[in-house]
Every structure is written in C-alpha cells, then in structure tokens.
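Everything below concerns the one structure shown next.
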Amino acid sequence: MKLRRQPPPQATRSLSAEPGWQREENGQWVDCGPNELQQAGVGWLTTLPSLRPTTAPVDLPVQPLSFRDCMLFEQHWVQSSRGYARRFLPRSHQVTRIFERLTHQPFPAFRPHRLWHRQPIYYFGNHMTMVAGGGPVTPPDYTEALDYELELGWVLSKPLFNATPQEAEAAIGAFVVVNDFSARDVQREEMSSGLGPQKSKHFLSSMSPTMVTADEILPMVDRLQAHVEINGQVVSRTSTQGMRYSPGEVLAHLSRSEQLYPGELIASGTLPSGCGMETGHWLKSGDTLRLLIEPIGEIVHTIA
C-alpha cells in the first residue's frame, strides 16, 4: 500500500493540525481514516509521534524517532572515494589513476574498512532536520560543495531487542526514499576526527512524501530501480542491487543488546552512482534535484 499525508488547503494550513492519511488507489489518492489503517494492517502509524509544526508545502509521511544511516554498497564506497580524490586531491588522484590503470583494481584506500565486512556500519544523523521532498532548500553558508545522496530507507513498526534477521524483517513497517545532503568540503576533516560526520551532514536530510508498506517492497528489496535527475536530465541510473547486508540483517545487528522502537528510521546509505561526488554532477544554486526509487516515490528540491 502506498501512503502519504493528506495535503491541507494552503489557505487554511495550521501549524498545529495533524494531517490525516491518504492511500493510492488506481492512480488516485483516497482519504484513509484510523479504522481503515487498522484494517489494512498499518495501524502502527497512528501510534507514532506527531509531525513537527511546519509551513512547508508537503508533510513528511512520518516524523522519525531517530535516524541511523548505514553504508551497504561497496561500489558507492569505491566510487565516492575516487570522486573525492578527483575533486579535492588532484595530485593524489593522478597517482590513483595510474595504479588503477595498471592493476585493473580499485586503489586500496578506496576500499571499505575491514569492519564493513564483519558487520553493518552506520552513524546517527539528525532526525530533527528531516524535511519532506517538494520544497526549496538552502545550503549552509559554510560549504561550496553541496552534494545529494540517494538512499533507501525503512521505518520500524514494532519494537526490537536481540532480534533475529527474520524477526527484524517482520518489524519493518514501510519503505521511503531518503536523501542525505552532504557538505563534502567539510566532511573529510570531520571524519578524520574519529567522531564521524557533524556539520557536514546534520544541517538537512529529506524523505519522500510517500511511503510503501513493507509487504510490497521486501520481496523485491534488492532489485528496486532508481535514478537521479538534475534540471530534468537523468544524470545516473542505479538500483538497490548489491547490498552487503539485508534490511533484516542490519536491524538484527542494531538490536543486539539495544532496544529499538517504532518510528525509528534506518537508511541503506547511498546507492551506487547515487551522489554527485561519484558522477561529477555537483549541486548549484537554481538547480532542481529529483531522486526516485520505484515504486516507493521521489524527492524533489530546488536549490536556493
């Protein structure tokens, strides 16, 4: 089932009113009350925290209780490392190009950390700066290298603790599209501090206004098609194929001796070729960005 928040008339939009729900039916959006949500098996949505007050034109489908962002795609790791060297370390980039041309292998420093091969790795993002796709965004004043990151996200509908991958998978309520905005010229120094990303990531992330229930996505979660558009032109096509760990395996690891709660958001990390640092398509003022994962939804922003 595909769901979204009921869009209120802008003339009567209230900062305190909690919007209702709509479900997609035959290409049309139909209002869906609490009883219908219960009957459809998604009554958990009515128990989540209220949305933060906003004047944005589009609402989030859910207000995340937290936001963990993983790194599940080795191809993204290699390509983004290569792209970072190309943009910010041009002399080193020449050396790595020669190495890769001679060996036909990725430069060793571009490969994932050894821990990645043993367990899912992730960081905590700022769930309070998550916005819905559909409105304009303003980059922070401390970056000249704004980037997007196209990711698959899933929202918990049940609590988890020491779960098996099968139990964890059954606790996924719905899937969304996630965009992890990044200030790449700030990120490297923060990462080298050993404490992970800070101002390079926490200023803004976004989520598709629509979500699709897990029963429809899980059977094909590793073969969803996706693409990135900038100013109406497709700049990359990608998919969810090649995840090192499944969503259930990720959640099982996260729940090891740690309580997880309904409403927590977990993201896959960037899909291969799903960011500008990989493809060379960096964002600039006036650009219109569109990130899409079929059949879940899309994120659209104009960059101020």
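The values are calculated or read from the model by the stated rules, or taken from the named source; none is laboratory data. Everything numeric here is computed off the predicted structure, so don't read it as measured data. Here Cβ is always computed from backbone atoms with ideal geometry, including for glycine, and neighbour counts include all displayed protein chains. Quick note on the areas: whole protein, heavy atoms, side chains included, nothing else; ligands and nucleic acids left out. Shrake-Rupley method; radii C 1.70, N 1.55, O 1.52, S 1.80 Å.
What to note about this one:
- Added length on full extension, which subtracts the Cα-Cα distance from 0.36 nm per residue, GLN28 to ASN231: 70.4 nm
- Using a Förster distance of 22 Å, the FRET efficiency for PHE88-LYS199 (Cβ separation, nearest 0.05): 0.85
- Exposure check, 1.4 Å probe, all protein chains in place: LYS284 carries approximately 120 Å² of accessible surface.
- Residue with peak Gaussian network fluctuation, the chain [Cα springs, cutoff 10 Å], from GLY41, GLY269, GLY242: GLY41
- When MET207, MET243 are compared by accessible surface with a 1.4 Å probe, the order from highest to lowest is MET243, MET207.
- Each helix, a run of at least 4 DSSP H residues, gives -39500 (n - 2.57); summed and divided by the residues of the chain, these come to -6000 deg cm²/dmol at 222 nm.
- HIS93 contributes an accessible area of around 20 Å² to the protein surface, as traced by a 1.4 Å probe with all chains present.
- Straight Cα distances below 23 angstrom link LYS201 to the lysines LYS284, with same-chain residues fewer than 8 positions distant left out.
- The modelled label-to-label distance for the pair ASP141/TYR123, using points 7 Å beyond Cα in the direction of Cβ, is 2.4 nm.
- Exposure rank, largest accessible area first [GLU24, GLU189; 1.4 Å]: GLU189, GLU24
- For the chain, the percent of C-alpha pairs falling in each 20 Å distance bin, counted from 0 to the bin holding the largest distance, reads 33, 58, 9, 0.
- Solvent exposure ordering (accessible area, 1.4 Å, most first) of ARG97, ARG188, ARG118: ARG118, ARG188, ARG97
- In the full protein context, the chain carries 47 Å² of accessible surface per residue, based on a 1.4 Å probe and ignoring ligands, DNA and RNA.
- FRET efficiency for the GLU36 to GLN105 pair, using the beta carbon distance and R₀ = 51 Å, is estimated at 0.40.
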